[in-house]
Every structure is written in C-alpha cells, then in structure tokens.
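Asks: The structure's right below; bear with me while I get my questions together.
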Amino acid sequence: QVQLVESGGGLVQAGGSLGLSCVASGTIFSVNAMGWYRQAPGKQRELVATITRGANKNYADSVKGRFTISRDNAKNTVYLQMNSLKPEDTAVYYCNAEIRVTYGTKNYWGQGTQVTVSS
C-alpha cells in the first residue's frame, strides 16, 4: 500500500523558479534512494536528479547548477528546487523511490506533476 504523491508543479515564465515535493506514504520500513525523472511530449522519460539516503546526489547535465535535490528522511519526502527554468524544462515530472516494505525492496513511481515553462 505504498504510494508516492508529487506536488508543486505549475506554470512559470522562463527564468523563474518552482519547487516540487514528493511524499512516500504507506507501510514503509525505510526509503532508500529517491529521485526525479521527467518526460516531455513525444520524448522518453529521462533522469533529472537522484539522492541516496545518505544525501549523495547526482544530476543530469542539462539541469546541473540550476536544480537542487534534497530530502527529509523523517518525512519520507524528496524535494526538487528548480531555478532558472527554461522552456525545454517543460515536462511531466515523476517522483521515484526505492522502498523497503514487508516483503522486500521495491521501486515506486508517483503519478507525475506538470511543469510548464513559457518564454
């Protein structure tokens, strides 16, 4: 009964900022790595940023220096602060998490939240 729910998407002008949040809830033993992925219309889903439980981070080259991923382990929440947004950042952003449950470890996806950047 684990689920991930994203929030914070919306419409913003180029150069602006948005902050995304994703909360994992349900019967959770622990949350391991978490991350953000995005999928633009007509394109494949791509990795944006990931963060381990120990806060080691990695970013796609296209967002490095503009986006910041962080997490709150006590709240089972991962964040993505997006600054200096560009029209090419427009996509549905999906939260991902590797979660330890009663029967083992499983990878979960959120439903996605739309981010639209206008010129």
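The values are calculated or read from the model by the stated rules, or taken from the named source; none is laboratory data. This one's a predicted model, so the numbers in the text were calculated from it and none came from an experiment. Virtual Cβ from ideal backbone geometry, glycine too; neighbours counted across all protein chains shown. All accessible areas refer to the heavy atoms of the entire protein, side chains included, with ligands and DNA or RNA removed. Shrake-Rupley method; radii C 1.70, N 1.55, O 1.52, S 1.80 Å.
Asks: Could you sort R100, R38 by accessible area so the largest value comes first, with the probe set to 1.4 Å?
Replies: Accessible-area ranking of R100, R38, largest first: R100, R38.
Asks: How about K64: which lysines have a C-alpha closer than 25 Å to its C-alpha, ignoring those fewer than 8 places off in the same chain?
Replies: K43, K86
Asks: Give the accessible area for K75 in Å² (nearest 10); use a 1.4 Å probe, count only protein heavy atoms, and leave out ligands, DNA and RNA.
Replies: Near enough 130 Å² of accessible area.
Asks: Determine the order of Y108, Y103 by accessible area, beginning with the largest, at a probe radius of 1.4 Å. Spell out each step's value before the answer.
Replies: Details: Y108 30, Y103 160 Å².
If we order Y108, Y103 from most to least accessible, we get Y103, Y108.
Asks: Along the charge dipole of the chain, Cβ charges K/R +1 and D/E -1, which of G35, N83, N73 sits furthest on the positive end?
Replies: Checking the options against the dipole of the chain, the answer is N73.
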